[in-house]
Amino acid sequence: MPRLLALILLAGVLRAQTPVPEMKDSLGRNTPQESVFQFLEACHARDYSKALRYLDLRRMPPAERAKNGPELARQLEDLLDDTPFDITMLSRDPEGDQSDGLSDALDRLDTVQVDKQTVELQLERVELKPGFHVWLVSADSVAMIPQAHQLVAETPFEKKLPQQFVTFEIFDTPVWRWIALVMMAPALWIVAGFLSGALVAVMRPVVNAPAFRGPLRICLAAAGFRAAMQIAPPSTLPRLFIERPLGLIFILAVAWAGASAVDLIAERWRSRLDPRVQAVSYSVLPLGRQILKLSLFLVAILSVLSAWGYNTSTILAGIGVGGLAVALAAQKTIENLFGGLSVIGDRPVLVGDVCRFGDRTGTVMHIGLRSTRIRTPDRTIISVPNGQFSSMALENISGRDKIWFHPTLNLRRDTTSDQLLRVLSSFREILTGHPKVETGNIPVRFIGVGPYSLDIEVVAYVTTADYDEFLALQQELLLKMLQAVEQAGTALAVPLQESFELQRAPQASPQS
């Protein structure tokens, strides 16, 4: 028996320590903003019996609730609709706004001035039953609604209007306000057009960008219409549905202006680039420009959605998953893309350069984001994927500042030492005396005795990057060297087999 009692007590303790799951409210009173929104929806539908359920009337007797509750709900509706109340400032967190300086169970609803006194209406998080919390207009604030409702009165301007324009309402807003907003919209658009044109004209000495006129006009018109809504404000819910598209249009116009700025900067950068850096002009700049512009619009849309209360982290996660799927499906394309960016960024070769890649040589015609096109000496065009091209050992032949002149001449084995010295001296004079030849300390060297020749190595540089000019100078130098060999009384060596065949040829001639 004592053991059974202990188990019962332990079960009670564990049950008390187990958190009760939060219940969802069918009336939408789980957050301060949602509760007020649903309250106004019920009021605008003239369902005040439902609207009073968003007020904490527990201090009233049941009979008084049924009698005075609908009227209190109507008065609160008038107060929220006819004052500069902003429903978006209310918290969307079930725990409420923890940084408003109030207790955890209270949130600020609205603050009004009545007879030079500040009346603050509050929302309270009430537990109707275990695990069931809802946000209601607090009982203290319900008691102040009649006092605050005194603020709702016709303005001096409305008193001068025909009564039908004030009493007749569309979406709980006097019709005169809709008429005023409709009339001000085209007027603001025209004024914004003049102002944007004037601002663009003023900025022309610094930035000549007519593309800014469109987004600037939209921003001015949206800001002006937002200010006009303070003069003729619609009721809370229509105001919310107008302000949201208005804010979206304004943010998109700002993103449009940013995109125009990106285009302007990219165009100026392109105009200052070296004409040979065509890969940057035709590949990287357009791609980078489109990515930046897309990012601007994406950030603008996400910021608006976040302000509207949507969970943007879920959207970003979805974009990330989609991007990963695309990346996996297009591995080769992405490999070539990054290879192209590597070639363009590192610039081992430029358009027009002659390069050696692998066992091929050619002139670079175009460097794109996917492949590089090269024209070979056979006048054919090779398209090399950038993923492969960027991993090759690239030799930029056009990048040299001078060309190596490095022939080896083979003198006959019967050349005497005096003849060899004369040849070496003549070669040295030919090289050092030429204005286009750059020599070291020993430009001409006797490097050894071969099977059938005495070998002379020439090492020098021809100071030109033009290969055609080099070929002409090489021909000139080689002819002078051959003349020097002849003047020294010797000649170039002939291989033994070839010499033997030349000796046999005269003997075979008479028999034939």
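With a 1.4 Å probe and all protein chains kept in place, how much accessible area does L305 have, in Å² rounded to the nearest 10?
Only protein atoms counted, so the area is about 40 Å².
Quote the accessible area belonging to R92 in square angstrom, nearest 10, computed with a 1.4 Å probe and with ligands, DNA and RNA left uncounted.
Accessible area, nearest 10 Å²: 110 Å².
Greater than 31 Å separation of Cα atoms is the criterion. Which listed pairs, K67/K160; K402/K480; K24/K67; K50/K160; K116/K160, meet it?
In this structure, K67/K160; K50/K160 lie more than 31 Å apart at Cα.
Taking each pair of distinct Cα atoms in the stretch 360-507 once, what is the resulting Kirkwood hydrodynamic radius in Å? If you can, show how the numbers build up before the last one.
Details: mean 1/r = 0.0539 Å⁻¹.
That comes to 18.6 Å for the stretch 360-507.
Quick check: pseudo-label points 7 Å beyond the Cα along Cα→Cβ at Q150 and H366, how many nm apart are they?
Between Q150 and H366, the label points sit 8.0 nm apart.
Using only the alpha carbon atoms of the stretch 205-264, find the Kirkwood hydrodynamic radius as the inverse mean reciprocal pair distance, in angstroms to one decimal.
Result for the stretch 205-264, one decimal place: 12.7 Å.
Any chance you could look up the accessible area of W178 with a 1.4 Å probe, heavy atoms only, rounded to 10 Å²?
The accessible area comes out at roughly 50 Å².
At a 1.4 Å probe radius, carbon and sulfur cover how many percent of the accessible area of the stretch 189-271?
75
Show log10 I(q)/I(0) for the stretch 68-118 at q = 0.30 Å⁻¹, two decimals, from a solvent-free Debye sum over equal Cα scatterers.
-1.09
Using a 1.4 angstrom probe with every protein chain in place, what is the largest-first accessible-area order of R177, R413?
R413, R177
Tell me the carbon and sulfur percent of the accessible area for the stretch 79-133, rounded to whole percent, probe radius 1.4 Å.
47
From the P(r) of the stretch 54-178, can you give the percent of Cα pairs sitting at distances over 22 Å? Walk me through the numbers on the way to the answer.
Numbers: 3520 of 7750 pairs.
Everything past 22 Å amounts to 45 percent.
Modelled label-to-label distance, E395 and R59, 7 Å Cα→beta-carbon offset: nm?
9.5
Any chance you could list P(r) for the stretch 99-258, counting all Cα-Cα pairs in 5 angstrom bins from zero, rounded to whole %?
1, 7, 11, 12, 12, 13, 12, 10, 9, 6, 4, 2, 1, 0
The values are calculated or read from the model by the stated rules, or taken from the named source; none is laboratory data. From a predicted model like this one, the values you see are computed outputs, not experimental measurements. Here the Cβ is made from the backbone with ideal geometry for all residues, glycine too, and neighbour counts use every protein chain on show. Keep in mind that these areas ignore ligands, DNA and RNA; they rest on the heavy atoms of the full protein, side chains included. Shrake-Rupley method; radii C 1.70, N 1.55, O 1.52, S 1.80 Å.
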